[in-house]
Amino acid sequence: MSTHADTVARAAELVRHKLGDEHAVAIILGSGLGALAERLEDPVSLPFRAIPGFPPVSVSGHTGRLIAGTLGATRVIVAAGRYHLYEGHSLDTVVLPARVLHAVGARTLFVSNAAGGINRTIRPGDLMIIEDHMNLTGRSPLSGPQLPNETRFPDMSAPYDPALIAMLRDTALDAGIPISSGVYAALLGPSYETPAEVRMLERLGADAVGMSTVPEVLVARALGMRVAGVSCITNTAAGMSNSPISHAEVLATTARAAVSFERLVTAFVQRLAGREHSDAEREAEL
Ligand code: HPA
């Protein structure tokens, strides 16, 4: 019988063959944020549908491909598009790209998403550094058989790397990009929340709400990857303004915020590479 570990291995073999395995940073792009991939130099692209075990992508705003290339002189591998629980995919499928990105060498994972703003100081079009999250999907991709290279009980006291959070903040400041930070709550979806649910989330301490990202972060932490993430706030969460929420609005606002997002991620990756370079130099001197 073929196990999930076999599925990961088969997919990784193909990705390694087509895109290589020297990727320092993996980036998962959320709804409407796929244009960052156009910024890559020397891009090599692989559609999800060409990768064994990767089903077709169905949400509009998600193209579904892996692109390897150089961003700010750093080798990166980008997943433009993702699988969501609300599409009916299994958790194994939802986190398959993250596991494959790790298997082809990435040790830092940058996640992004579109999210509704709960914190009243965060406005549509703003970017929010994800400082922490709440898994309110009721599910974990780590339940079930343990994968050989994953920890059974990963520590989640700092799911988003504090040094990377600080680096993101510095990068945004230097680039003149306004940014806030906060807690991302992941729900199953696909309906947007009710006003009562948003009031509940506010009282629980969530600053933004969405339907993704947390499964990938759980797997990344179990694999020992360093994680950083940004939410693109596309709307005020339900009940906090008079207007209803539509997926078209979410995509339109993301398009507005995407330019700052792309500048931020490019400068962040550049800074990260510089830091790792100087860390390596320091180690070499010791
Ligand atoms: N709720 C959940 N997910 C979302 C939202 C929202 O308001 N906006 C974008 N993704």
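Laboratory data are not the source of any read-out in this text; all were calculated from the coordinates shown. Computed from a prediction, not measured in an experiment: that's the story for all the values here. Quick reminder, even Gly has a Cβ in these numbers, built from the backbone with ideal geometry, and neighbours come from all protein chains shown.
Side notes on the structure shown:
- Inter-part distance where segment 114-135 and segment 35-101 are each reduced to a Cα centre, Å: 23 Å
- Net +/- balance of residues flanking E13 in space, Cβ distance below 12 Å, scoring K and R +1, D and E -1: +1
- Listed from fewest to most Cβ neighbours within 10 Å, the set S31, S90 follows the order S90, S31.
- A cut-off of 5 Å between modelled amide H atoms, ignoring neighbours fewer than 5 places along the same chain, links M134 with Y184, A185, A186.
- Environment charge at D132 (Cβ cut-off 14 Å; Lys +1, Arg +1, Asp -1, Glu -1): -3
- D_trans [Stokes-Einstein, Kirkwood Rh over alpha-carbon pairs] for the chain, 20 °C, 1.002 mPa s, µm² s⁻¹: 113 µm²/s
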